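Reading through the structure tokens given below for one structure.
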Amino acid sequence: LPLKRRGKTTLDRYVTGPFLLDPFYRAATIDGQFGVFQLNELAPTGFKESEYYRTWYRDCGFQDECGLLIKLTDGVVNLAFGMTEGSRLFSKRQINLLEAIFPVVEALTRRHWHSAASPAADQAGLRQRLHVALSAFGASVLTRREREVIELVLLGNSTRLIAEKLQISTETIKLHRKHAYAKLDISSQAELFYLFVDAIACHTGSHEEDPLLSYHSRRP
């Protein structure tokens, strides 16, 4: 399905970094989950309140999404199916059908990617550099705990869920977020998201270097 209200330039920018926050991408690359999944199985609590959802995902026009996550030798593939706005969610019958054909689709996808090994290797290198950038985001100004909180905020986790994951109180989470926002010179989740996108786009790929350093060095 075509993405409505989105130009090529926006899509090009999307693949330079924001895809790192995509629930399907993270399920495959971080959690090692492969198979057929619906969005509600993978998205964290608070996903629809996240700036990633408001800025990128909602603009796709999807009401629901189902992804076929396939493991390759040196990467992953997500074959995404979307229900547009105004449509119903994927039915159990449709999910069962996708699960039934998954082994065939998986085999055909691997066969296709095997013949394109060089481009895949280049893309794997790019993904690795971007993962380094995500993990290093804010390292030059934030404490380790503040970075953990900020990354979970970017991924769309609610304050309560972040507190559960880090095993600290919600008030402590709010305090860490407040301090991090002050150090980053921002005041909202929207500003955090755009700062992240701009910093990732400027990242040079240097090992474990905070992408904010490249971002600030290029500002007038």
Report task. Please work out which residue is modelled with the lowest pLDDT, limiting yourself to region 21-34 and to residues that are farther than 21 Å from residue 88 by Cα and in a helix (DSSP H, G or I). Result -> 21
Query - region 14-63, residues that are more than 12 Å from the chain's Cα centre (by Cα) and closer than 27 Å to residue 191 by Cβ - result: 39, 45, 46, 48, 49, 54, 55, 58, 59, 60, 61, 62
Query raised in the report: Quick one: what pairs do we get from region 14-42, first residue farther than 23 Å from residue 107 by Cα, second among the small types (Gly, Ala, Ser) and not in a strand (DSSP E or B), C-beta under 6 Å, 6+ apart or different chains?
Result: 16/201; 23/43; 42/27
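Yes/no matrix, rows are residues, columns are (1) surrounded by 15 or more Cβ atoms within 10 Å (Cβ to Cβ); (2) in contact with an Asp or Glu (Cβ under 9 Å, 6 or more places away or on another chain); (3) part of a loop (DSSP other than H, G, I, E, B):
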position	(1), (2), (3)
36	yes, yes, no
45	no, no, yes
52	yes, yes, no
88	no, yes, yes
Report task. Looking only at region 178-211, count how many residues are under 20 Å from the mean Cα position of the chain (by Cα) and part of a helix (DSSP H, G or I). Result -> 15
Query raised in the report: Within the set of pairs 6+ apart or on separate chains, which have a first residue in region 86-99 that is under 14 Å from residue 67 (Cα atoms), a second that is among the hydrophobic types (A, V, I, L, M, F, W, C), and C-beta atoms under 6 Å apart?
Result: 90/66; 98/36; 99/36
Report summary line: Scanning region 144-183 residue by residue, those farther than 21 Å from residue 49 by Cα and touching a helix residue (DSSP H, G or I) at 6+ places or on another chain (Cβ under 8 Å) turn out to be 145, 179, 183
Requested in this report: Could you please give the count of residues in region 136-177 that are exposed (fewer than 14 other Cβ atoms within 10 Å of the Cβ) and touching a residue at least 40 places away in the same chain (Cβ under 8 Å)?
Outcome: 2
Query raised in the report: Being part of a helix (DSSP H, G or I), in the same structural domain as residue 23 (by TED's automatic domain parsing) and either without any contact (Cβ under 8 Å) to a residue 12 or more places away in the chain or under 16 Å from the mean Cα position of the chain (by Cα) (or both), is that true of even one residue in region 64-84?
Result: no
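The values are calculated or read from the model by the stated rules, or taken from the named source; none is laboratory data. These figures come from a predicted structure and were not determined experimentally. Note that we place each Cβ from the backbone using ideal geometry, even for glycine, and neighbour counts take in every protein chain shown.
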